[in-house]
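The values are calculated or read from the model by the stated rules, or taken from the named source; none is laboratory data. On a predicted model such as this, the values are computed, not experimentally measured, just so you know. Here Cβ is always computed from backbone atoms with ideal geometry, including for glycine, and neighbour counts include all displayed protein chains. All accessible areas refer to the heavy atoms of the entire protein, side chains included, with ligands and DNA or RNA removed. Shrake-Rupley method; radii C 1.70, N 1.55, O 1.52, S 1.80 Å.
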Amino acid sequence: MGINVSRDSLVSAVYDDLKGKGLVSPGDRELCIQDINYHLDYLEEAISNSSPELFDDYVLWADVLLRNLGLPEECLRGSLKSIEKVMLEIPDDETASLASSYISGSLRKLEMEHEPPSYIRDQPLRDLAEKYLELVLNTEARKARDLIISSLESGVNVEDIYLHVFEPVQHEIGRLWQTNRISVAHEHYATSVTQMIMSELYPYIYRASERKNLRLVAACVNNELHEIGIRMVSDFFEINGWDSVYLGASTPPEDFSKIVDELKPDLVAVSATMTFNVGHVRRLIETLGELDDSPPVMVGGYPFKVDTELWRKVGADLHAASASTAVRVAEEFLKTE
């Protein structure tokens, strides 16, 4: 984080402070230290990107998660206060002082209403999305697949299935896990079903548009496993006539750079869903910038929605807030080059 003490020393001091306040028992030591490290990971990423918004968002998310697990409110608040206290005791450290201001701000945010609403609201294809959600939660993959295929055969287009069924359902699955209404197993199953069905939709995707002489390379950065969003982006480019080369989750930067150098695409699309992977985005952009013929880089993913200027901070050339706008943003950008 750039402070004058090691991470281990900092975590140990925070744990001792919590123990001294009676907020942790010896049997909870391992879990408590894990949580402290999570808090520090997000705090470090927020500070490195000059983005208190990223830390605020994490703290609000964590508060909902922990409360729905039955933990008292003081669990998170106490940890943050202890981190702030320990950091303020570090002499002559500007980063520690900045961290204190981020923590203070997030504690104020916790006093505001922040229970996440359902992602399936009044929207196109709401009934279809609700039925699809019901089927995947009931582990009825075959019926979920048949529902999507029959919708396509009846005239619903692929873009609308992606935007109004898969996307809100995936967000809703995440919310249901966050609020302790489903397990990690349910979340993983729902994601795997959606990925399986998406793999069957390429006949509809490939016939959707006339081809253009444009190529995209798209992938998640190293350490990022949440790939459905960037896969949707890649498919939207394919639907709109691009030659889309999708590399998948957690792509090592060296391999990413090599294939970009080999294919020389018109655009690279990079995604990070977890805030602690934003640094990987920055480093990948720096690596791609070292190529003799470096392409423009579009970034996206949840952190870039939380902080709308984050894409500039990591050195990207452009940003799209959604799969539905990514192609338009990209083609408008290429016209101005």
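Which log10 I(q)/I(0) values does the stretch 80-198 give at q = 0.22, 0.23 Å⁻¹ under the Debye formula, counting every alpha carbon as one identical point scatterer? Taking Cα atoms of the stretch 80-198 as identical point scatterers yields -1.15, -1.23.
Accessible area of Leu163 (1.4 Å probe, protein heavy atoms only, ligands and nucleic acids ignored): about 40 Å². When the chain is modelled as a GNM with alpha-carbon springs shorter than 10 Å, which of Lys264, Lys313, Lys212 fluctuates the most? Most flexible of the set in this elastic network: Lys212.
Extending 7 Å from Cα along the Cβ direction at Arg108 and again at Lys21 yields two label points whose distance is 1.9 nm.
At an R0 of 30 angstrom, the distance between the Cβ atoms of Ser12 and Ser101 translates into a FRET efficiency of 0.80. By a 1.4 Å probe calculation restricted to protein chains, Ile197 has an accessible surface near 0 Å², given to the nearest 10. Assuming a ≥ b ≥ c are the square roots of the Cα gyration tensor eigenvalues, decide whether the stretch 255-337 counts as rounded (a/c under 1.5), prolate (otherwise, with a/b larger than b/c) or oblate. Note, shape of the stretch 255-337 comes out oblate. For the stretch 135-187 versus the stretch 1-62, the inter-centroid distance based on Cα atoms is 35 Å.
Axis of helix 7-20 versus longest Cα principal axis of the chain: the two differ by about 60°, to the nearest ten degrees.
Between amide H atoms placed 1.01 Å from N, distances below 5 Å from Arg215 occur with Asp243, Asp266, Leu267, all of them 5 or more places distant or on a separate chain. Computed packing ranks the peptides 99-110, 216-227 as 216-227, 99-110, most packed first, by mean other Cβ atoms within 10 Å. Checked against a 30 Å cut-off, the cross-linked pairs Lys109/Lys313; Lys109/Lys335; Lys313/Lys335; Lys131/Lys212; Lys21/Lys313 give Cα-Cα distances beyond that limit for Lys109/Lys335; Lys131/Lys212; Lys21/Lys313.
Could you please state how large a percent of the accessible area of the chain is carbon and sulfur, counting protein chains only and using a 1.4 Å probe? Of all accessible area on the chain, carbon and sulfur atoms account for 49 percent.
Treating each Cα of the chain as an identical point scatterer and summing with the Debye formula, the log10 of I(q)/I(0) at q = 0.14, 0.15 Å⁻¹ comes to -1.18, -1.28.
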